[in-house]
Every structure is written in C-alpha cells, then in structure tokens.
Amino acid sequence: MKFRKQPKSVFFFIIPILMFCMIGCDGDDDNQVETIPLFLEGNYVGTWNSETPSATFIDYGISANLQISGTNTLSGSWFGTSNFEVCCSNGDNDGTITMEISGNEITSFLLDDVIPDCSGVFTGTGVIRESDNALVIDFMGTDCDGLHDGEMVFIKE
C-alpha cells in the first residue's frame, strides 16, 4: 500500500482549525450563570438597628416576603412590623426590597420605603450568614428621621 504525499496547503488549513477547537474547548465554565438558591425565597422576620441625628432604633421588628425575580435578584414586600402586617402605609406593604445576590454576598440592596410623610430610600450591601442563612445588610438612607446608618438582619421564618 502506497501513501500519497499530502500537499502542504491541507496542513495550513487543518492546523488553524485544530488550534481554534483547542482554545474554544478549554473546559472553563466562566460563562456559567450563577443563580440564587431556591431556599432563599420565603418569609423573613428581622430587626432594624440604626442611628439618626434625631432617633435611635434598636432591634425594631421588621418582616419581608421575598421571591427570586431574576437570575441573581431577590425582591418583594417589606413591612415595618415583625408580623407581615402594614404598619404605616395605606397599601399592601410598607415598601419594597430588591437585592442582587452573588454567592454568599448581597452586592446591592435597595429598600423603597413608602410610609406616608416618612418615605425614604435605603441602600447597602451585605452577606448571607452561613450559620442560619440570614440576610445581613449594612445600609444607609434618609427618611423623616434623617440619615440612617445601620444594619438589618432578616431570618427566614
């Protein structure tokens, strides 16, 4: 059996294709989208601790109902009570929460408080505490009491 000698042009065509395949198939999962674990959905009770120039809040009871609303977003209703009842507004809740999650970090937190005559916007970051999956948020924001600097902790009910 005799083999024919292949022309060099075939190798110049095959080599780049092989190199492209090797680069594209490196097994790296960098493009994998991280999603929020389902167990983070649900009802949370918690505490609000903050100081303002005119008031101090220590373990003030709050609650929230949170759902996964995007690939890495947790959002829902916020209540200025620890029993999921409206304390101070005329609506179905006292505000809304939206937070972006990456791993065990809360990379962005937003509370839009709709309490009449005392509405405010609060932003921050935080962590998902591994021991009990609590949402621990360091926040700042302003409402009728002034500039708040504090921490909210939500524990799943």
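Observations on the structure shown:
- Evaluating Gly27 against the criteria (1) at pLDDT 95 or above; (2) open to solvent by less than 70 Å² (accessible area, probe 1.4 Å); (3) farther than 22 Å from Ser131 by Cβ leaves one unmet condition, (1).
- The residues listed here are Thr47, Thr73, Thr96, Thr52; of these, the one that is among the polar types (S, T, N, Q) and open to solvent by 50 Å² or more (accessible area, probe 1.4 Å) is Thr96.
- Considering region 110-157, and only residues there that are touching a Gly at 6+ places or on another chain (Cβ under 6 Å) and acidic (Asp, Glu), the residue that is surrounded by the most Cβ atoms within 10 Å (Cβ to Cβ) turns out to be Asp113.
- Condition met for Asn93 (within 13 Å of Val45 (Cβ to Cβ), touching a strand residue (DSSP E or B) at 6+ places or on another chain (Cβ under 7 Å) and part of a loop (DSSP other than H, G, I, E, B)): no
The values are calculated or read from the model by the stated rules, or taken from the named source; none is laboratory data. The model shown is predicted, which means the values in this text are computed figures rather than measured ones. For neighbour counting, all protein chains shown are included, and Cβ atoms are generated from backbone atoms with ideal geometry for every residue, glycine included. Areas reflect the complete protein model, heavy atoms only, side chains present, ligands, DNA and RNA absent. Shrake-Rupley method; radii C 1.70, N 1.55, O 1.52, S 1.80 Å.
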